[in-house]
Amino acid sequence: MEHNIDLSGYSIRTDLAVEAHELAQQQNESNIPGIWLQADDEEPNIKVTRLHVENEEAGRAIGKLPGRYLTIEVPKLRDNDTSIEEQVTRRFALEFASFLMKLGITEEKKALVVGLGNWNVTPDALGPMVVENLLVTRHLYQLAPDTVGDGYREVSALSPGVLGITGIETSEIVFGVVEKSKPDFVICIDALASRALHRVNTTIQISDTGIHPGSGVGNKRKAIDQNTLGIPVIAIGVPTVVFASTIVNDAITYLLGHFGQSMAESKRAFNKLSMSTLPERKEPYTEDDLPDLESRKTFMGLVGSLPEEEKRQLIHEVLRPLGQDLVVTPKEVDDFIEGISNVIATGLNRALHRAVDEENSASYTH
């Protein structure tokens with residue numbers, strides 16, 4: 001049965017390039033020219049995806065600007081495990097240092113780190129909390145250069161707040177600071193929105209395409225990027241929120257996945273296979289985990305038979321006019337923001353300053 005419904009105006013956006021690429025592939029059912037992607041999951045607990053959008057045409061296909069995007073996914077990051085956090089810090093520092101090298105940013109280049117977001121709202125306080133833990137050195141280079149040892153670079157930091165607090169566009173504040181302090185490159189840190197529950201509080205994205213402050217929750221703000229500032233802008237983001245429509249959609253998928261795996265287990269049990277050989281339940285569910293189309297219709301009716309993106313957009317169409325497509329964050333967000341901000345700050349300190357390593361990095365954070 002075909003569903004000739006125009007839902008283009010209700011598309012659910014995402015700040016993550018890997019999700020935008022997944023969506024585009026689902027719609028095109030083929031590889032997209034001009035997109036280079038490499039996934040690396042050889043290290044336990046961590047999956048790193050490198051995505052390069054080579055031209056504007058490829059960027060339009062996935063709704064992202066041309067450039068490099070690196071995504072670190074760590075499902076166990078939600079567990080508040082210090083050993084996992086240290087593993088992620090180590091990998092993030094290595095990947096970020098490599099990212100700088102690929103952009104031609106050498107050790108003597110001066111950095112300005114901008115912590116975007118509202119420090120009064122926990123899910124949006126990532127940027128300011130990272131800035132609190134950064135090793136800043138610009139004042140030392142200006143006032144007491146003889147006290148700065150080898151292996152450090154000139155780093156300054158800023159938490160400009162949001163338009164509702166300052167009455168000034170964030171991009172205008174950053175532009176003014178860049179004009180006066182003259183850094184060689186800018187690092188922007190911000191909270192993002194995801195279109196998948198399993199990536200909230202588990203993912204870090206690094207990109208060289210700049211950032212639009214507030215875009216994750218639908219606010220249109222002037223970009224902070226190389227075109228506006230005249231110097232390279234590297235964005236670091238962590239998805240801390242999802243829309244209610246995403247939760248509803250994923251809940252339906254999880255139910256169908258649960259039914260599908262339960263049916264498979266019953267079939268194996270009927271065939272007298274040992275229960276110990278059953279696969280472990282996983283997240284997220286893939287198309288192979290779901291029941292067949294007729295079973296989906298039996299469980300969920302018409303909604304169960306809709307393709308993934310059409311179902312997602314239909315839920316969005318129902319909720320948005322009612323004002324119910326809320327922006328939602330997990331209840332453990334306080335602990336998570338504190339942990340991930342420390343991970344990113346420590347990783348940045350190691351990547352930006354050669355003199356900071358695993359042995360002494362704790363001395364620079366709190």
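Just one of the numbered conditions (1) surrounded by 15 or more Cβ atoms within 10 Å (Cβ to Cβ); (2) at pLDDT below 80 is not true of ASP225; which one?
(2)
Return yes when ARG320 is surrounded by 13 or more Cβ atoms within 10 Å (Cβ to Cβ), over 24 Å from ARG199 (Cα atoms), in contact (Cβ under 8 Å) with a residue 12 or more places away in the chain and among the charged types (D, E, K, R) and no when it is not.
no
Select, from THR122, THR202, THR166, the only residue that is surrounded by fewer than 15 Cβ atoms within 10 Å (Cβ to Cβ) and among the polar types (S, T, N, Q).
The match here is THR166.
Filter the stretch 14-52 for residues that are touching a strand residue (DSSP E or B) at 6+ places or on another chain (Cβ under 7 Å), in contact (Cβ under 8 Å) with a residue 40 or more places away in the chain and not acidic (Asp, Glu) and give the result.
Within the stretch 14-52, THR14, LEU16, ALA17, VAL18, HIS21, ILE46, VAL48 qualify.
Scan the stretch 28-39 for residues that are surrounded by 11 or more Cβ atoms within 10 Å (Cβ to Cβ) and not in a loop (DSSP other than H, G, I, E, B) and report the count.
Within the stretch 28-39, residues that are surrounded by 11 or more Cβ atoms within 10 Å (Cβ to Cβ) and not in a loop (DSSP other than H, G, I, E, B) number 5.
With (1) at positive phi; (2) crowded, with 17+ Cβ neighbours inside 10 Å; (3) modelled with pLDDT under 90 as the list, and GLY117 as the residue in question, which single condition is left unmet?
So GLY117 meets the others, but not (3).
Pairs under 6 Å by beta carbon, first residue farther than 13 Å from TYR285 by Cβ and surrounded by fewer than 12 Cβ atoms within 10 Å (Cβ to Cβ) in the stretch 252-273, partner of a type in the set (Asp, Glu) and modelled with pLDDT of 75 or more, six or more apart or different chains?
Going by the 6 Å Cβ cut-off, there are no qualifying pairs.
For the stretch 60-90: of the residues being of a type in the set (Val, Ile, Thr) and assigned to a helix (DSSP H, G or I), which is farthest from ASN201 (Cα to Cα)?
Per the stated criteria, the residue is ILE62.
Among the residues of the stretch 316-353, write down those that are farther than 18 Å from ASN118 by Cα and of a type in the set (S, T, N, Q).
If the condition is that a residue be farther than 18 Å from ASN118 by Cα and of a type in the set (S, T, N, Q), then GLN324, THR346, ASN349 are the ones that fit.
The values are calculated or read from the model by the stated rules, or taken from the named source; none is laboratory data. Here the structure is a predicted model, which is why all the values come from computation and not from measurement. Glycine also receives a Cβ, built like all others from the backbone with ideal geometry; neighbour counts cover every protein chain displayed.
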